[in-house]
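Report on one structure; see the data block that follows.
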Amino acid sequence: MKREVGIIGAGISGLLACKYIKEKGFNPILFEAKDNIGGLWTKTLESTKLQTPKQLFQFSDFPWPSYVTTHFPTHQQVLDYITAYANHFDLIKYIKFNTKVQAIEYQASLPLQESHFWGGSGQPFNSQAKWNVSVNNNCNNSTEVYTVDFVILCIGRFSDVPNIPEFPINRGPEVFGGKVIHSMDYALLNAQTATQLVKGKQTIIVGFQKSALDVAMECSTLNGTKYPCTVLYKTEHWNIPDFTPWGIPLAYFYLNRFSELMVHKPNQGFFLCLIAILLTPLRWAFSKFVESHIKRKLRLKKFGMVPEYSFHQDISSCSTSTVPEKFYDRVEEGSIILKKAPKFWFCKDGILIDGEEGSPLNTDLVILATGFRGDKKLKDIFVSSTFQNLIYGSSNDIVPLYRDCIHPHIPQLAVIGYSESFTNLFTSEMKSRWVAELLDGTFQLPNIKEMVKDVKEWDEYMKKYSKENYRKSCIAVLHIWYSDQLCKDMGWNPKRKNGFFAELFQPYGPLDYSS
């Protein structure tokens with residue numbers, strides 16, 4: 001009888017996991033709460049486009065169709081591409097739609113014992129232990145429990161659980177006389193309802209990442225300068241206007257092996273450490289080169305929006321976003337107002353900014369584009385409080401996953417799609433292939449002590465380069481190094497280019513791992 005693998009979430013990561021698991025001869029059961037596939041791409045803002053060029057955001061064995069000619073496809077084109085992938089590899093039949101997973105619980109005939117190896121034996125399966133997956137059918141509100149041999153969590157981190165800022169008592173949304181919603185709720189509205197919500201209203205948007213910028217553009221389009229949209233932000237970011245600073249593709253600065261030589265990597269040897277030290281001035285120069293392009297093209301100095309830290313820090317923490325076309329033109333004309341607000345509170349008529357309590361910002365509507373709590377969503381899916389605490393880890397550390405997939409102390413379970421990178425699709429595909437090979441017995445995990453040590457090394461790297469944003473587990477500027485570790489585990493040659501100079505200087509992308 002085939003071993004059954006429960007996969008939670010039919011977004012990109014879940015579909016990839018399903019595809020590679022079934023190719024290894026296992027029986028995947030893919031649970032999806034909605035009635036369609038695509039994850040966060042199923043419901044986005046009308047104006048949302050892909051943030052990275054499509055050549056970086058594609059499946060290694062299923063390129064974009066030739067009729068999609070734009071470098072940054074619309075959200076509908078992305079969803080169509082994902083759907084075509086699922087149909088091409090016959091994945092739909094493995095999906096249980098409208099089936100929301102309520103909780104997962106580990107059931108073993110014997111309690112877990114202290115061991116040097118993952119799950120006691122280091123193996124991905126245990127005949128004496130299973131996972132119970134409790135689900136609710138959204139159509140008839142019935143409940144059911146599935147028992148599987150292994151669980152892969154592909155629940156993402158940019159949906160479902162909004163990150164709502166905390167406010168002092170009597171200074172939160174409850175005292176505001178207008179309406180407060182999260183950008184997640186705004187994205188769920190159809191175009192007509194969204195227009196009715198925003199049109200003719202004073203609107204404040206909190207945040208300065210991609211969702212905040214897109215919502216601000218939609219509001220300014222509807223209301224113009226008569227009812228300008230105010231964007232409250234905590235700190236400036238090196239949001240980019242394009243991927244060709246001064247005409248040179250950004251990938252040549254941050255997506256090749258040479259660029260990674262400038263960075264201190266987890267588990268690196270003395271020689272690589274020395275090279276990173278020697279190339280520190282060049283890393284600084286690369287960052288300044290990109291910054292100069294962004295400052296010039298977006299006129300950041302004119303608007304007081306030059307960040308106090310480097311582009312390299314922003315990209316290392318996955319804190320950059322693509323600026324919508326003509327965003328700063330809207331700022332210049334006055335239909336978008338940028339306002340720095342490290343701290344703010346609500347009052348009856350609007351918002352009070354710390355230090356400016358005498359001048360409240362009167363408004364009708366506040367949209368919180370403040371991100372999501374992916375770590376909380378990951379934690380809450382477990383029944384066991386022990387596993388909840390293990391997966392969440394410490395708020396002072398990264399989420400403790402070996403190879404960004406396996407918790408050393410949680411057996412028969414993997415996580416795919418939690419970390420961030422230049423292109424989450426590419427990273428999720430590499431992880432899915434790695435997990436499939438692990439389940440197939442191609443390699444075995446090291447002992448728990450070694451895995452914990454490796455996680456600690458990555459934690460130190462994140463804190464060194466991502467600073468206060470280390471919890472995002474961003475691997476953007478080390479995606480080749482990360483892929484190298486997975487390739488070596490699977491017994492693959494990590495070097496995918498032809499020739500020394502191509503290997504060193506050509507950018508890496510999904511198609512380099514097509515075979």
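The values are calculated or read from the model by the stated rules, or taken from the named source; none is laboratory data. Here the structure is a predicted model, which is why all the values come from computation and not from measurement. Reconstructed Cβ throughout: ideal geometry from the backbone, glycine too, with neighbour counts over all protein chains shown. Accessible surface is based on the protein model in full, side chains and every heavy atom, while ligands, DNA and RNA are left aside. Shrake-Rupley method; radii C 1.70, N 1.55, O 1.52, S 1.80 Å.
Miscellaneous remarks
- Expressed as a whole percent, the accessible area of segment 173-368 that falls on carbon and sulfur atoms is 57 (1.4 Å probe).
- Kyte-Doolittle mean at least -1.0 and Cα axial length at least 15 Å: DSSP H helices in the chain: 12-23, 75-88, 210-223, 280-298, 424-439, 479-490
- Test item: Cα-centred dipole of the chain, Lys/Arg +1 and Asp/Glu -1 on Cβ, debye: 640 debye
- Pairwise Cα separations in the chain fall into 20 Å bins from 0 onward with the following percentages, short to long: 21, 55, 23, 1.
- Flagged links, alpha-carbon separation over 24 Å, of 210/297; 431/495; 301/340; 199/295; 453/497; 210/472: 199/295; 453/497
- Computed log₁₀ I(q)/I(0) - Debye formula, equal Cα scatterers, no solvent, segment 287-338, q 0.16, 0.32 Å⁻¹: -0.50, -1.33
- With semi-axes defined as the square roots of five times the eigenvalues of the C-alpha gyration tensor, the equivalent ellipsoid of segment 312-417 measures 39, 20, 12 Å, largest first.
- For segment 258-309, the spread of Cα positions along each principal axis, largest first, Å: 44, 15, 13
- Kirkwood radius and radius of gyration were both taken over the C-alpha atoms of segment 412-463, and their ratio Rg/Rh is 1.00.
- Computed over protein heavy atoms with a 1.4 Å probe, the accessible surface of segment 349-396 works out to 45 Å² per residue.
- Full-stretch length increase - residue 333, residue 278 - with 0.36 nm per residue and alpha-carbon distance subtracted: 15.2 nm
- Under the simplified labelling scheme, the residue 502-residue 457 pair shows an inter-label distance of 3.0 nm, with each label point 7 Å from Cα along Cα→Cβ.
- Once the chain from residue 166 to residue 116 is taken as fully extended at 0.36 nm per residue, the excess over their C-alpha distance is 13.9 nm.
- The alpha-carbon atoms of segment 331-385 define a convex hull whose volume equals 161 cubic angstrom per residue.
- When all protein chains stay in place and ligands, DNA and RNA are ignored, the 1.4 Å accessible-area order of 322, 442, largest first, is 442, 322.
- Extension gain for residue 385 to residue 192 (0.36 nm times residue separation, less C-alpha to C-alpha distance): 65.1 nm.
- Where a label projected 7 Å from the Cα of residue 246 along Cα→Cβ would reach, residues of segment 294-312 with amide N under 14 Å: 294-297
- Loop-located trypsin sites (Lys or Arg not before Pro) in segment 15-71 (DSSP state other than H, G, I, E, B) with a sparse environment of at most 13 neighbouring Cβ atoms within 10 Å are absent.
- Between residue 47 and residue 447, the C-beta separation translates, for a Förster distance of 45 Å, into a calculated FRET efficiency of about 0.35.
- Between segment 421-492 and segment 80-105, the Cα center-to-center distance that results, in Å: 25 Å
- Near the amide H of residue 43, within less than 5 Å, lie no amide hydrogens of residues on another chain or at least 5 residues away, with H placed in the peptide plane.
- Rounded, prolate or oblate (a/c below 1.5 giving rounded, otherwise prolate when a/b exceeds b/c) for segment 35-78 by Cα gyration tensor: oblate
- Expected-Rg normalisation [2.2 N^0.38 Å, Cα atoms] applied to segment 173-368: 1.21
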